[in-house]
Structure formats: C-alpha cells, structure tokens
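The values are calculated or read from the model by the stated rules, or taken from the named source; none is laboratory data. Model, not experiment: these values are computed from the prediction. As a convention, Cβ positions derive from the backbone with ideal geometry for all residues, glycine included, and neighbour counts pool all protein chains shown. Ligands, DNA and RNA are stripped out before the accessible areas are found, and what is left, the full protein with its side chains, is counted by its heavy atoms. Shrake-Rupley method; radii C 1.70, N 1.55, O 1.52, S 1.80 Å.
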Amino acid sequence: QVQLVESGGGLVQPGGSLRLSCAASEIIFSIYDMGWYRQAPGKARELVASITSGYSTNYGDSVKGRFAISRDNAKNTVYLRMSSLKPEDTAVYYCNARVTRREYWGQGTQVTVSS
C-alpha cells in the first residue's frame, strides 16, 4: 500500500524556519513528480512547490525566495525547507506524488506561524 508520511510541522515564530519531510513507500519514488501543497482554513488547497523526477522545480508566487524543495531518491524522501516564515504561511501542508494516471496524497502536517 502506497504511503506518504509527512513530518516536521509545528509551531514557529514569524521569521523562523522549518523543514518538512515526506517519506514515500511502495512506489518507485524516482519516477514520480513530487509536490507540497497547503490548505489554510476556509481556503482552497494551493501549490507550494514541486520537483519533477528530473529535478526541475516550481514554486508558488507567495513562497518564492523563501522556500526550497529538494528530493533524495536514495531515501525516497522529499523535503521542503521553509524560511522567513509569515503568519500567512499557517496551513496544513500535504505531500503529493504524481505520475501518469496515478496520484497519491499524504495525511498532512500542521504548520503554525505565530508569536
């Protein structure tokens, strides 16, 4: 059974940093495009960052220059390094794995930015 397990969320002060991890199992990780999405209360889920199987990256406009996505195919893990965090970054962050005709989601990890 495919599993995407996120970790690393929590409470952080404005201006702080966090690193999220998403460990994948039961997929050929290296062929999947991976992404991080987030959903704040009352808002639609939005793309935060993505990285293709070929290591091309894409970022949402609101996080460009502050967040960095990376992947380690040897560990079947994708990371999201978040810096200069703002209260508006508060959301549940979800990991996504996608390949032709298949898509999987993690359960999400809460990130709260507050003083």
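Some points to look at:
- Heavy-atom accessible area ranking, 1.4 Å probe, most first, across T57, T77, T90: T57, T90, T77
- Multiplying the residue separation of A68 and E46 by 0.36 nm and removing their Cα-Cα distance gives an extension gain of 6.3 nm.
- Normalised per residue, the accessible area of the chain is 54 Å², obtained with a 1.4 Å probe and no contribution from ligands, DNA or RNA.
- A simple spin-label model places pseudo-atoms 7 Å from Cα toward Cβ; at S17 and Q1 they are separated by 3.6 nm.
- T100-S30 FRET efficiency (beta carbon distance; Förster radius 25 Å; 0.05 resolution): 0.95
- Top positive-direction residue, dipole computed over the stretch 52-115 with Cβ charges, set S84, N58, V113: N58
- Exposure ranking of R81, R102 by accessible area [1.4 Å probe, largest first]: R102, R81
- Calculated SAXS-style log₁₀ I(q)/I(0) at q = 0.29 Å⁻¹ - the stretch 30-69, Debye, Cα scatterers: -0.97
- Electrostatic dipole magnitude of the stretch 1-65 [Cβ: Lys, Arg +1; Asp, Glu -1; Cα centre; debye, to 20]: 200
- Residues considered: S83, S21, S56. Largest GNM mean-square fluctuation over the chain, using C-alpha springs under 10 Å, is found at S56.
- Cα centroid of the stretch 29-60 to Cα centroid of the stretch 62-115, whole Å: 7
- Value of D in µm² per second that Stokes-Einstein yields for the chain, Kirkwood Rh from Cα pairs, at 10 °C (1.306 mPa s): 113
- Measuring nothing but protein heavy atoms, the accessible surface of the chain at 1.4 Å probe radius is 45 percent carbon and sulfur.
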